[in-house]
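The values are calculated or read from the model by the stated rules, or taken from the named source; none is laboratory data. What you see is a predicted model, and the numbers here were worked out from it, not measured in a lab. Note that we place each Cβ from the backbone using ideal geometry, even for glycine, and neighbour counts take in every protein chain shown.
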Amino acid sequence: MRNEETIKKIAEEFFERATFAVDVSVKNTEDANYLIKAKTDDPKMLIGQNGQVLAEIQKLLRALVKKDMPEGTYIELDINDYKEKKSEYLRETAKETADEVSLTGKEKSLSPMSSYERRIIHMELSARTDVVTESRGEDPDRRIVVKPA
């Protein structure tokens, strides 16, 4: 059985046992990285506030997949394109904030974010020469500060 099929079977069983009606597809994104896309009519229950439930489900699925897949296999879960939409929003926020900081010359602090979300901001602004980013604080209040270069 191919890796995508194995991961899909594990994910489908997981959601079925949890009594959630979910359509699952799996895509190989690179090497041993796989994206599980789940579609459901009631995404709020599976995503939770700020994606916290989604993150916990992803941890559980990773543990289940780890038992049946080769070492180094990495999975990511997205439910109803929540992460994709969130990434787009964060990239846009990063650009707007960087433009503001560049224009005003004053640093700006963003609201607290998960490490996954902070990484998106750092990556988005890494090529800019007019601003720099740094993470400050302790989880769960860790945030990004955008400063003039």
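When you look at VAL65, is it free of Cβ contacts under 8 Å to residues at least 40 places away in the same chain and out of contact with any Phe, Trp or Tyr (no Cβ under 6 Å at 6 or more places or on another chain), yes or no?
Considered against the rule, which asks whether it is free of Cβ contacts under 8 Å to residues at least 40 places away in the same chain and out of contact with any Phe, Trp or Tyr (no Cβ under 6 Å at 6 or more places or on another chain), VAL65 comes out as no.
Which of (1) at positive phi; (2) under 14 Å from the mean Cα position of the chain (by Cα) does GLY105 not meet, given it meets every other one?
(2)
What do you reckon, is ASP130 over 21 Å from GLN52 (Cα atoms) and free of Cβ contacts under 8 Å to residues at least 24 places away in the same chain?
Against the criterion (over 21 Å from GLN52 (Cα atoms) and free of Cβ contacts under 8 Å to residues at least 24 places away in the same chain), ASP130 does not qualify.
So which strands (runs of 3 or more DSSP E) stay within segment 1-89 end to end and still have 1 or more residues that are at pLDDT 95 or above, loosely packed, with under 12 Cβ neighbours inside 10 Å and of a type in the set (D, E, K, R)?
Ranges flagged: 23-30.
What is the residue count in segment 90-111 for residues that are surrounded by fewer than 17 Cβ atoms within 10 Å (Cβ to Cβ), outside any helix (DSSP H, G or I) and not hydroxyl-bearing (Ser, Thr, Tyr)?
4
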